[in-house]
1. Please tell me if ILE142 is touching a strand residue (DSSP E or B) at 6+ places or on another chain (Cβ under 6 Å) and modelled with pLDDT of 90 or more.
2. Being assigned to a loop (DSSP other than H, G, I, E, B), under 30 Å from the mean Cα position of the chain (by Cα) and modelled with pLDDT under 95 is the filter here; which residues of the stretch 29-51 pass it?
3. Please determine, by comparing only the residues of the stretch 76-96 that are assigned to a loop (DSSP other than H, G, I, E, B) and among the polar types (S, T, N, Q), which one is modelled with the lowest pLDDT.
4. Go through the stretch 115-160 and report how many residues are more than 30 Å from LEU72 (Cβ to Cβ) and aromatic (Phe, Trp, Tyr).
5. Of all residues being outside any strand (DSSP E or B) and among the hydroxyl-bearing types (Ser, Thr, Tyr) in the stretch 173-232, which is farthest from PRO41 (Cα to Cα)? Just the residue, please.
6. Scan the stretch 170-179 and give yes if some residue there is under 17 Å from SER31 (Cβ atoms), crowded, with 16+ Cβ neighbours inside 10 Å and assigned by TED's automatic domain parsing to the domain that holds ALA30, otherwise no.
7. State all residues of the stretch 52-75 that are among the hydrophobic types (A, V, I, L, M, F, W, C), more than 21 Å from ARG233 (Cβ to Cβ) and not in a helix (DSSP H, G or I); if no residue qualifies, say none.
Amino acid sequence: MSTSFKPVAEQLAYLKKGIAEIIPEPELKASLEKSLQTSKPLRVYLGVDPTAPDLHLGHTVVLRKLKHFQDLGHAAVFLIGDFSAMIGDPTGVSETRPPLTREQVDANAKTYLRQVFKILDPAKTEVRYNSEWLSKLSAVDIIHLCGRYRLARMLEREDFRSRLQNNQPISVHELLYPLLTALDAVELKSDVELGATEQKFNLLVHREIQREYGLPGQAILTMPILVGLDGQRKMSKSLGNYIGITEPPADMFGKIMSIPDDLMWTYYELVTDRTPEQIAALKQEVASGALHPMDAKMRLGEEIVSGFHGPEAARKAAENFQRVFRDRQAPTEMQEIRLRYAPGVLRVLFPTEWDSKSFTLPVKWSTLLAQLQQVASVSEMERIIKQRGFEVNGEPIIDPTTKLNPAGPASYEIRLGKKKFLRLIVE
């Protein structure tokens, strides 16, 4: 027996962290045992359609499970669905999804690998594109593929069934999506496929079509959908409740700190490397009062940010949050706008797009900051002032008519609301 892989029980325990379902678990266990006996790694794949240019934290839940297989020595295959993205996965939508153009897909795919390799080891990841085989299919090939699956089974799918009941249209190309992507599993000869719970129907079709083509039929691991910042709906860019993995460290950290306290345990489970035992111990510390929930959430934020930006950037983001939101001090780093003083006038020096702007002194703060595009409008700035959300050098300003009238060089640290800071430097 080979010693290149960990014992099967240990592998299963590691792989089960955070999963929703294994279909079927006995088959996965048998595959792991065979892999251990033959020293042959399992082929595990995750297919992702590049339907948008950027990934958010919700996408990484399944990616991390692929990394777990990779950590155990198995072959990780990351499949970019450049062909299938032009069809459009109907999963979870209530109407026909408009297909993407080739140009849109290519542009999105270019950004994916750079982001994916923040999690996966590029030296140990096999990257494939399903256009390699799907673009070569003939009409005869597609007809033969369609003959291997029954329409009644396809219409058992929940979103299709719901649309039929509500007299909403279903395009034929949507029915083809799970069949064509099943050929990915056939071509890759995968032992395991990963996906989110909402993709379960597709994954089961893939498994069945593999068998139709004489393959054993892969095991399936589904992962839960990560709830977004609102604590209610799935993380989604369209809903605005997402954390982008390429966002600046301070922004990522601040968003993590905004999630409801009870949701942080799901984040610990799905987007960190902490073991279930470690998470349970941390949860007990909070329950007993030994650890404040915000401190537990700050540890979460630092761990997540560190994974994408490194420990030093994560440490600085945590320190900045502590300074601004807990100690109520201005951050050490903030946006700077420089202005040149002359008697009776201020002229913007930086950023360059505002070089032509000048202000006659004295100038109302509301007018100045609106013109500098720090707020949407003068009325918005006046509303912030009336709500006591405006401070200059630590002093609140509550009169919307207050004016800036420097007599020479000066520096102003400005707080707008709870999160926005900038430094106005008059030279």
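1. It is false that ILE142 is touching a strand residue (DSSP E or B) at 6+ places or on another chain (Cβ under 6 Å) and modelled with pLDDT of 90 or more.
2. ASP49, PRO50, THR51, listed by residue number.
3. SER94
4. The number of residues fulfilling the criteria is 2.
5. Once the filter is applied, the top-ranked residue is TYR177.
6. No, that holds for no residue.
7. Passing the criteria: LEU72, ALA75.
Residues are listed down the side, and each one gets a yes or a no for (1) under 35 Å from the mean Cα position of the chain (by Cα); (2) surrounded by 12 or more Cβ atoms within 10 Å (Cβ to Cβ); (3) over 28 Å from SER258 (Cα atoms):
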position: ALA342; (1), (2), (3): no, no, yes
position: LYS357; (1), (2), (3): no, yes, yes
position: LYS364; (1), (2), (3): no, yes, yes
position: THR367; (1), (2), (3): no, yes, yes
position: ILE384; (1), (2), (3): yes, yes, no
position: ILE414; (1), (2), (3): yes, yes, no
position: ILE425; (1), (2), (3): no, yes, yes
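The values are calculated or read from the model by the stated rules, or taken from the named source; none is laboratory data. A quick note: this is a predicted structure, and the numbers were derived from the prediction, not measured. Because the Cβ atoms are built from the backbone with ideal geometry, glycine has one as well, and the counts that use them run over all protein chains shown.
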